[in-house]
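Since the structure comes first, as structure tokens, the remarks are kept for the end.
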Amino acid sequence: MKSNIVMPDVPEGPIPRHIAIVMDGNGRWAQKRGLPRYRGHIQGASILEDVVNAAIHFGVERLTLYCFSNENWKRPEEELNALMALLKEYMIEQRPTFMKSNVRLRVIGRRDRLPVETLREMDETIRLTASNSGLTLALAINYGARQEIVDAVRRIVGEMLDPEKRDAALKTAGVDSAEKLVDENLIAKRLYDGDAPDPDLFIRTGGEQRLSNYLLWQLSYAELWFTDVLWPDFTPEILKEGIIAFQRRHRRFGGLNKNDSDLR
Ligand code: IPE
Ligand code: IPE
Ligand code: MG
């Protein structure tokens, strides 16, 4: 469902290049209305287009959305089936919109356990949008941050055990041992979305104040912003609020800002 809302504008100031969102509260949204939980997921998916358009309008380059965690397999079967069907439909339905809005789709997470039809439609939308040059929309599906780090370490170990790859890497880096090849940069590159800049702003809806195994490596220096609004009630106006909160923060990355007091 696409609404014809007028996009708000954000005040002058820094815009987060990359926003990561935990879209939480779908189940409670449905329960409050006496509806089955999956109806909350349907409603939650229906507002995605407005949120993506708002992010484009505000000048955000990348949006990473938590759709389904590794831990969400603990949900009842009926809810899991509804979620998998919804993901598949979303991949098909959004193709014309992504092409019109120049959105490039990425998916981060493990492929195992996902139904083949969902994977097929997902791969097709990724392929179709691969050369779009506008906003990058990364959907975290069957995603867990600890699992992501495990997968990155496995890839690195695999490369080090392959003599050809290891020797080429040693030569490029100009070092003499495999240990020296491993640094923050290499680990970051072997994460699922290894070419992405770290998120500048993290938003979680639904009132919980936790990370739930989301982007643990990448969120090291993100600004965190929480709202009680349940995901299906999220709007471009609330995204704007999050960006305004971001603009008021003083990011230091361990250093000092010009206006920090001098305690000499
Ligand atoms: C977030 O909504 C979406 C998924 C986890 C798939 P929830 O389903 O967690 O909603 P609440 O937190 O139970 O309200
Ligand atoms: C995090 O929400 C995962 C998604 C939004 C997809 P959860 O609802 O699964 O998180 P917990 O269980 O409350 O930590
Ligand atoms: Mg939840």
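The values are calculated or read from the model by the stated rules, or taken from the named source; none is laboratory data. These numbers come from a predicted model, not from an experiment. Cβ sites come from the backbone with ideal geometry, for glycine too, and all protein chains shown count toward neighbours.
Read through the list (1) away from ligand 2 (no atom under 16 Å from the Cβ); (2) touching a residue at least 40 places away in the same chain (Cβ under 8 Å); (3) assigned by TED's automatic domain parsing to the domain that holds residue 243, then give the number of the only condition that residue 127 fails.
(2)
Working only within the range 99-108, note down all residues that are surrounded by fewer than 21 Cβ atoms within 10 Å (Cβ to Cβ) and not in a strand (DSSP E or B).
Passing the criteria: 99, 100, 101, 102.
Regarding the range 203-219, can at least one residue be identified that is small (Gly, Ala, Ser), surrounded by 18 or more Cβ atoms within 10 Å (Cβ to Cβ) and more than 18 Å from residue 138 (Cα to Cα)?
yes
Provide a single number: the residues in the range 81-133 that are among the aliphatic types (A, V, I, L, M) and over 22 Å from residue 46 (Cα atoms).
2
Looking only at the range 11-38, how many residues end up being more than 16 Å from ligand 2 (Cβ to nearest atom) and part of a helix (DSSP H, G or I)?
Of the residues in that region, 0 qualify.
If a residue must be more than 9 Å from ligand 1 (Cβ to nearest atom) and crowded, with 18+ Cβ neighbours inside 10 Å, how many such residues does the range 7-37 contain?
Final tally of qualifying residues: 6.
Mind telling me which of the residues 196, 245 ends up being closer than 21 Å to residue 55 by Cα and either basic (Lys, Arg) or free of Cβ contacts under 8 Å to residues at least 60 places away in the same chain (or both)?
245
Which of the residues that make up the range 195-218 are assigned to a loop (DSSP other than H, G, I, E, B) and charged (D, E, K, R)?
Hits for the range 195-218 are 195, 198, 200, 208, 210.
Restricting to the range 229-264, name every residue that is of a type in the set (Asp, Glu) and either surrounded by 16 or more Cβ atoms within 10 Å (Cβ to Cβ) or assigned to a helix (DSSP H, G or I) (or both).
Those that are of a type in the set (Asp, Glu) and either surrounded by 16 or more Cβ atoms within 10 Å (Cβ to Cβ) or assigned to a helix (DSSP H, G or I) (or both): 233, 237, 241.
Tell me the residue from 121, 117, 159 that is more than 16 Å from ligand 3 (Cβ to nearest atom), assigned by TED's automatic domain parsing to the domain that holds residue 86, surrounded by 15 or more Cβ atoms within 10 Å (Cβ to Cβ) and in a helix (DSSP H, G or I), please.
On inspection, the qualifying residue turns out to be 121.
Quick one: which of 65, 80, 86 is surrounded by 14 or more Cβ atoms within 10 Å (Cβ to Cβ) and closer than 18 Å to residue 193 by Cβ?
So the residue among 65, 80, 86 that is surrounded by 14 or more Cβ atoms within 10 Å (Cβ to Cβ) and closer than 18 Å to residue 193 by Cβ is 65.
Checking the conditions here, which among 226, 246 is of a type in the set (Phe, Trp, Tyr) and out of contact with any Leu (no Cβ under 8 Å at 6 or more places or on another chain)?
Step by step, each of 226, 246 is checked, and only 226 is of a type in the set (Phe, Trp, Tyr) and out of contact with any Leu (no Cβ under 8 Å at 6 or more places or on another chain).
Within the range 53-71, can you find the residues that are within 16 Å of ligand 1 (Cβ to nearest atom) and touching an Asp or Glu at 6+ places or on another chain (Cβ under 9 Å)?
Of everything in the range 53-71, those that are within 16 Å of ligand 1 (Cβ to nearest atom) and touching an Asp or Glu at 6+ places or on another chain (Cβ under 9 Å) turn out to be 64, 66.
When the residues of the range 182-220 are filtered to those that are within 16 Å of ligand 3 (Cβ to nearest atom) and β-branched (Val, Ile, Thr), which remaining residue is farthest from residue 135 (Cα to Cα)?
Only one residue fits best here, namely 205.
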